[in-house]
Amino acid sequence: MLRKIQYKLVLFWLSFFFVVPLPFIQTISTGLQGMSANEMLAIYSGVIAYAWMLAIVYLSTKPHWLDRLVGLPSIYQLHGILAIAALGLAWLHKIGTHSAGLIKQTGDLSLIILTGLIGYSLLFLASWLISRFSLLSKFKKILEKVFKHEITMLLHKLLLAAVILVFIHVRLIDYIRSITPFMIWFDGLSLLTALSYLRTKVSWYGRKGQAELKLIQNHSLSDRVRELTLGGRQSQQLDLQAGDFVFLSFPRVPKLREPHPFSLVSLPDQSGEFKLTIRGDGDFTTSLQTLKPGTTAKVTGGFGRYQAFIAEHDDTANLVMITGGIGATPLFSLIPNNLCHKIYLFYSAHRQTDLLYQQQLNQWTQHANFTGFWQQGRFADDFVLNRLPHGWQNHTLFLLSGPVSLIHHWEKLLEKAKVDSNNIFKEEFNW
């Protein structure tokens, strides 16, 4: 099963990088005979860039089937890499071709939008990059005072304008338009991508995986953490598993209209109510404290592979959960649904008040299969290793969540201990 999952991940990357552009290249090549090698290379670069731009638009819709297959972090990663690669090929196309009039204007404007958008996205959305440069991190914090979450999400949609401009750009070129097989693929895939995007944006309610709910309760767990209880008749339309996260927005509340991901702290009960626990870090999350019960919420989900990861392994495997801070929230929904396994929880936070749901943790310790440790400050490596079950290198699954530094530390330590990487799981959003 694990090898099959790895093959699926490889096929996922190969499909979008190579399979999607292939029909474009094959069909356009017949109409480029007689051109110089440099001109053909430039045209091929532009065609591949457009195919990848369509793939980026499709991936931006967060296809639920792909999330369950490879996980949303992998989708975001491919989304970002394809965007950078498409930009590089678009510039090669620009340098190697010559045009005038509206053909040139649409192509140039699309390239300007794409360049600016990717630069902006690398600064605001690529945490793998920003975390490595303190100066960039400080610059980002200054800009975030102006470019709030909702503005960032709206600017990200400029990709659609860039794609439309390229579509017009190609449609204006006579000799390209005369290559009928290419235009069938070009128009067909463009239309399918547009329909896929519109389906996620227009046909909201009444579809599986999407729901209009009400905010039932909103109360403070600490000075920075709030617990939101959501519910309603449509909650049954959501496909939620333990450890999942959902995308949440409040369409009638300014600054909260763009969706934001939050992990489930509990699965829906018999009445359809479930809880999200959220720390106020940015403008979106800090604004949640103003919401009143009864506010309409828009929810998409669930997303995530924690439960799927567990299901892909031996059902007698031990589960070791190492987590910190607000990153513990997905584990609180995983624990009660996996007590058929031996569970070992190591949960830390910077402050004692940030250790959430201690009463619930104490109740779980009464179960024979649950062993939990929680404290202020990180656990020493030896403390954790000395409390792991016998044979933990081979018959134990490690679920990591929380700060990036904590996740990376334990990944390296477990790697040195010869733990199979297939037995370690995280959902780390670096894009």
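Assess whether residue 274 counts as being in contact with a helix residue (DSSP H, G or I) (Cβ under 8 Å, 6 or more places away or on another chain), buried (at least 19 other Cβ atoms within 10 Å of the Cβ), hydrophobic (A, V, I, L, M, F, W, C) and closer than 18 Å to residue 402 by Cβ. For residue 274, the condition - in contact with a helix residue (DSSP H, G or I) (Cβ under 8 Å, 6 or more places away or on another chain), buried (at least 19 other Cβ atoms within 10 Å of the Cβ), hydrophobic (A, V, I, L, M, F, W, C) and closer than 18 Å to residue 402 by Cβ - is not met. For the range 54-77, does any single residue satisfy the condition of being out of contact with any helix residue (DSSP H, G or I) (no Cβ under 6 Å at 6 or more places or on another chain), aromatic (Phe, Trp, Tyr), in contact (Cβ under 8 Å) with a residue 60 or more places away in the chain and surrounded by fewer than 21 Cβ atoms within 10 Å (Cβ to Cβ)? Checking the range 54-77: at least one residue is out of contact with any helix residue (DSSP H, G or I) (no Cβ under 6 Å at 6 or more places or on another chain), aromatic (Phe, Trp, Tyr), in contact (Cβ under 8 Å) with a residue 60 or more places away in the chain and surrounded by fewer than 21 Cβ atoms within 10 Å (Cβ to Cβ). Is there any pair linking a residue in the range 169-194 that is free of Cβ contacts under 8 Å to residues at least 40 places away in the same chain to one that is assigned to a helix (DSSP H, G or I) and hydroxyl-bearing (Ser, Thr, Tyr), with Cβ under 9 Å and at least six apart or on different chains, and which? Note: pairs meeting the criteria are 180/27; 183/27; 192/58.
Taken together, 16, 24 contain a single residue that is farther than 22 Å from residue 171 by Cα, aromatic (Phe, Trp, Tyr) and either at pLDDT 90 or above or open to solvent by less than 50 Å² (accessible area, probe 1.4 Å) (or both), which is 16. Would you point out which residue out of 396, 365 is surrounded by 19 or more Cβ atoms within 10 Å (Cβ to Cβ), of a type outside the set (D, E, K, R) and more than 26 Å from the chain's Cα centre (by Cα)? Result of the check over 396, 365: 396. Here the condition is being under 29 Å from residue 351 (Cα atoms) and crowded, with 20+ Cβ neighbours inside 10 Å; of 288, 240, it holds for 288 alone.
All told, residue 384 falls short of being in contact (Cβ under 8 Å) with a residue 60 or more places away in the chain, surrounded by 18 or more Cβ atoms within 10 Å (Cβ to Cβ) and β-branched (Val, Ile, Thr).
Does residue 89 count as farther than 28 Å from residue 258 by Cα, open to solvent by less than 40 Å² (accessible area, probe 1.4 Å) and in contact with a helix residue (DSSP H, G or I) (Cβ under 6 Å, 6 or more places away or on another chain)? Answer is yes for this residue. Contact annotation: residue pairs with Cβ atoms under 7 Å, 6 or more positions apart or on different chains, pairing a residue in the range 364-377 that is over 12 Å from residue 345 (Cβ atoms) with a partner that is open to solvent by 50 Å² or more (accessible area, probe 1.4 Å) and modelled with pLDDT under 95, are 376/351; 376/352.
Here is a yes/no grid of residues against (1) more than 20 Å from residue 388 (Cα to Cα); (2) open to solvent by 20 Å² or more (accessible area, probe 1.4 Å); (3) in contact (Cβ under 8 Å) with a residue 40 or more places away in the chain:
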site	(1), (2), (3)
301	yes, no, yes
304	yes, no, yes
308	yes, yes, yes
338	no, no, yes
343	no, no, no
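Exactly one residue among 283, 269, 314 is open to solvent by 30 Å² or more (accessible area, probe 1.4 Å), among the acidic types (Asp, Glu) and either on the phi > 0 side of the Ramachandran plot or free of Cβ contacts under 8 Å to residues at least 12 places away in the same chain (or both), and that residue is 269. Of the helices (runs of 4 or more DSSP H) lying entirely inside the range 1-103, those containing at least 1 residues that are touching an Asp or Glu at 6+ places or on another chain (Cβ under 8 Å) are 2-14, 64-70, 72-96.
Of all residues in the range 405-416, those that are over 16 Å from residue 349 (Cα atoms) have Cβ atoms under 8 Å from Cβ atoms of residues that are open to solvent by 10 Å² or more (accessible area, probe 1.4 Å) and of a type in the set (Ser, Thr, Tyr), 6 or more apart or on another chain, in 415/421.
The values are calculated or read from the model by the stated rules, or taken from the named source; none is laboratory data. Just so we're clear, the structure is a prediction, and the values are computed from it rather than from any experiment. Reconstructed Cβ throughout: ideal geometry from the backbone, glycine too, with neighbour counts over all protein chains shown. Accessible surface is based on the protein model in full, side chains and every heavy atom, while ligands, DNA and RNA are left aside. Shrake-Rupley method; radii C 1.70, N 1.55, O 1.52, S 1.80 Å.
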